[in-house]
Amino acid sequence: MSQRRLLREGHESHFRILPRFIQILHGRRHSRNNQRQICSDEIMHQDIIPLYAADIQDQLKKQFAYLSGGRGGDGCPVITFPDYPAFSEIPEKEFQNVLTYLTSIPSLRDAGIGFILVIDRRQDKWTSVKASILRIAASFPGNLQLVLVLRPTGFFHRALSDIAFKFNKDEFKMKVPIIMLGSVSELQGYIDKTQLTEDLGGTLDYCHNRWLSRRTAIEGFAQKVKQTAQILQSFGTELAETELPNDVQSTSSLLATHTEKKDKMKEDIRLAVKQGGDIRESITKPVTENPEYKLNQDQLDNQTTVERLLAQLHETETAFDEFWIKHQQKLEQCLRLRNFEQNFREVKAALDIVSERLSTFTDVGNSCSHVEHILKDLANFEEKSCETVAKARMLASEGDAFIQSNHYAVDSIIPKCSELHHLCDAFTTEIERRRNLLNKSLELHGLLEKSLKWCDEGIYLLASQPVDKCQSQDGAESALQEIEKFLDTGAGNKIKELNKIYREYAHILNEDLKEHVQKVFQKQESMEEMFQKRQVSLKKLAAKQTRPVQPVAPRPEAFVKSPCTSPGLQREYVSNSESSALRRVNCRRGKSEMTELHQSRGGSTMDDEENLAVLRQHVMNELIETERAYVEELLCVLEGYAAEMDNPLMAHLISPELQNKKDILFGNMEEIYHFHNRIFLRELENYVEFPELVGRCFLDQMEDFQIYEKYCQNKPRSESLWRQFSDSVFFQECQRKLDHKLSLDSYLLKPVQRITKYQLLLKEMLKYSKNCEGAEDLQEALTSILGILKAVNDSMHQIAITGYDGNLNELGKLLMQGSFNVWTDHKKGHSKVKDLARFKPMQRHLFLHEKAVLFCKKREENGEGYEKAPSYSYKHSLNMAAVGITENVKGDAKKFEIWYNAREEVYIIQAPTPEVKATWVNEIRKVLTSQLQACREASQHRTLEQTQSLPLPASSCTSPSRNHIRNTKKMEERKADLASLEGYGTAVAPKYPEKGKGWAKTSHSLDASEENDGWSSAEDPLNSSDAEEEGGGGGGEMKLTPGKYTVVTDYEKGVSEEFTVKSGELVQLIREGEDGLWYVKNLSTGKEGWIPANNLLMLIGNSKSAQSLSSSESGTASSTLSTSSSCSDSCNASSTSFSDIKG
């Protein structure tokens, strides 16, 4: 196919498609004549089926003729017929196709000048030359300007060709000269050397395979351009003839389909453009690589052809894009219109419903509360309808925007927008009118109720005036003043003009309301008439002279109300001191109420104590109100969420992974609810009149508060489960039914928030109750609540311990936990290891239990919420039965030592602050002291059994007074702290696991290298009277100290006749009173009473106190405390050794 034909067909397809796009863009407004003209043009431009290089590729590959691109002097194309031995065997059809194709490639102008044929027959015979020339002359389809023949080079054939050519010249029948050439040098005289290929002695760069490949690519690109134009034309016609759908789904589907086809068209165009660009690049590649290289004419023609095709492709794409933009815009407008119409139908139906609902608000109410209820319903209805009205207004605004953007369906949109605006405005106006009517009704009912209340107060005033009082002149005048004062209040309360009411409220007065107004006005007039008659009577009495009456003051007891005892005071009190204390409390309250009564009569203001009482009552009210709200919230969660998880009707909303997970999600919330609802809330309500005593309520229920520890320990699992299923349809449905604004996780946090709220309320109550009777209980309750919070916090850390093989619960109660720097020193360790350990601290988190201290390594925090908590990797533990401490470490006030097995292992602990260190040292002291005390008590009981062979009575009984028990415990703790040793060791103790793994063997003494002045077991037996005398300071009389003692003889002569003790019973000395009396508690019977000191010395004899220590034991200034012990279960060994180890 010739380049001119390629360009012509490209132009023809381009100009055939462009009018079609123009016709579509202008709405198909071309006339039928134009359409006929376009069709006739297409017919006129139709041509004979052209030849393409791809069609005759095998024939062209034979290369018996080729178009090298060379030109003659006047620009004539040069066709070369190289030496081809089988030239005569080429089929005529193939020969004709190749010549036709070659002559069609040059432009019309060049082809019109004529072709120069170069026939190379230097290796052939004259007979073949003659046959070749004759065949070419017969079949050449184009104009010829010159034929140059390179004759055979053999002498015979050259001479023969010269002679034969002269005599047979007319046989060739060519109108152009045929020049026989003997060499390529002669050929170069006719054609420039640069226009000849190398096989003809020229310099023209020509590769037949490259030429054939490029011709195939150019023609393929031309075909691609033509096909693309035809496809675009067909697609454009399809788009133009598409009818717009009438529903949203079809319109959306059509737009998606057309967009997908358009994208495919654009992708084909992009590929075609890339194809043309690659061809153009391959043509110009030699110039790019060598700027001095010059393209031959055929190459330039190829470049021009490709560029023209690319330009035509770009113009076609631009025309299609313009058409598509308008088509897409129309489809999008259609889609928006269909959405608008669908939304209009839905919104209008919703507006009709709310308008119908609004029309039902016709009642104006029959009282203030009724009107307020209607107003509330109206407000709720307006709030719910607000969304519908907002949607309608938004839809109307959307329609207005369509109108402003010149939508093609403006005539359909305008009426709908107008209707929406009208419906919204009508609804807003009507609801405002209804609200105004109800407000007017509320105002009228307020006037009526004020008038009725005023009438009732007036009637009560008249009824409350005693007749005997009014008989005197002063009484009558006083009653008159009361009446006049009351009547003065009528200006703002009574109805003045009935007709004015009728006029002002005419638009809301129905028959019932009008009748009600009349009745109120009549009652008001009747009451005023009664007042007028009473005034007349009183004025007459006031004018009379009566004898004065001597007033008699009432007995003071009449004004003193007997204060009701609080729930905390309703228990049985056996102690005389507590009974007298109770009487003093009641007396103080009676005097306080008498004082308040006198102050109220005198009209004085409240003093500071009264202000504090008001503040206490305020805190109490807040405590009870928030407690009730808390109980209601827990019940709401349990019924609205937890119970619904077991509801078969809701089972389909619960995902399988969430089933049977109720206990994880809610923990022991039900147990917490029952405690607060059945016990704690009721107990709190009993203290409503005695807020300063509410501390007792907390102390009585303190053990029950331990249930919060279990809830908080489960909270991380609960929160993790909630995060997995927070979007569950089940939870959303439950929240909707409960009308909760907050989701379930906010309510699952309520128990954690509540337990922390108590300490804040107790602090407030304590601040206003410092001088009250219950201040001590409040302080103890606050301390206990803070202890529970600490225990909860510690337990949250404890459950994060990983890697511990045993059961943590067997280690006893968790007392302390915290992070420290730790240095270690082991006697049996390698010297280098010991040196390294002294200088390089370890970060360890310590957990102090009653029976062991655990060393853990804190891991990084990860996760979210409660899961964002540290974990602790267990490293090792120390048995508290073999632990000692050194309080002060030289050089650092924040360090202390914990040593193990007589300093075989030493751990230097560095606390964050000196305060933290002091807290830990004190707590460890308490643990070691309690262990020593337990061993001593066990040893003492064992000795008594052996010496007296008496059964040991029960050591505990319910006390009639919780206050005394708590006071006694506090006193014992203070005494124990004062009397505790700074350092000591025992050989009698219960067996505990050593380092958390096994059971300890006997260890009877401390390390001798610690500079201790040891006490042997023989020198200081626990039950020795000599030791007791030495403790008294040199053999003097035994001094009584608070503690527990064993009675050695019966006693039945106490101050209280009910108090008796018998030999062998265990008693506790609580405190020393006046006149040499001691307050003693019988631990076997639980009774308490006063015993003279002389009798007490006889009763207990030389019995050693099970709690206090002698002066010889208390030592002087040592800072090391240890308990290194082991014993059998029966405590067979009873010896004790003491050491004073200097820090």
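The values are calculated or read from the model by the stated rules, or taken from the named source; none is laboratory data. Predicted model only: the values in this text are computed from it and were never measured. Note that we place each Cβ from the backbone using ideal geometry, even for glycine, and neighbour counts take in every protein chain shown. Note: areas computed on protein heavy atoms with side chains; ligands, DNA, RNA excluded. Shrake-Rupley method; radii C 1.70, N 1.55, O 1.52, S 1.80 Å.
Listed values, structure above:
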item	result
Cβ crowding within 10 Å averaged over residues, with 248-255, 1081-1088 ranked highest first	1081-1088, 248-255
Accessible surface of region 378-441, 1.4 Å probe, proportion on carbon and sulfur as whole %	55
Nitroxide proxy distance, nm - points 7 Å out along Cα→Cβ at D268 and E383	6.1
Additional length obtainable on full extension of the chain from Q481 to Q249, 0.36 nm per residue less Cα span	75.0 nm
Loop trypsin sites (Lys or Arg not before Pro), region 765-820 (other Cβ atoms within 10 Å of the site Cβ: 16 or fewer; DSSP)	K770, K813
Per residue value of the accessible surface for region 420-549 (all protein chains in place, 1.4 Å probe), Å²	63
Computed over region 186-342, the ratio Rg/Rh where both radii use C-alpha atoms and Rh is Kirkwood	1.26
Accessible area in square angstrom per residue, region 602-729, 1.4 angstrom probe	50
Loop trypsin sites (Lys or Arg not before Pro), region 197-302, which have at most 13 other Cβ atoms in a 10 Å radius of their Cβ (DSSP)	K294
Protein-only accessible surface order, largest first, of E810, E671, E292, E904 at 1.4 Å	E292, E810, E671, E904
Heavy-atom SASA rank of E511, E281, E776 (probe 1.4 Å, accessible area, largest first)	E511, E281, E776
Region 194-325: relative contact order as a whole-number percent, Cα under 8 Å and 6+ apart	27
For E243, solvent-accessible area (1.4 Å; no DNA, RNA or ligand), Å²	150
Whether region 316-458 is rounded, prolate or oblate, judged on the alpha carbon gyration tensor where a/c under 1.5 counts as rounded	prolate
Cα-Cα over 23 Å, subset of K440/K741; K710/K857; K763/K917; K485/K533; K710/K790	K440/K741; K710/K857; K763/K917
DSSP-loop chymotrypsin sites (Phe, Trp or Tyr not before Pro) across region 866-924, with at most 16 other Cβ within 10 angstrom	none
Under-22-angstrom lysine pairs by C-alpha in region 252-389, whenever the two are 8 or more apart or on separate chains	16
Sulfur and carbon atoms: percent of accessible area, region 712-775 [1.4 Å]	47
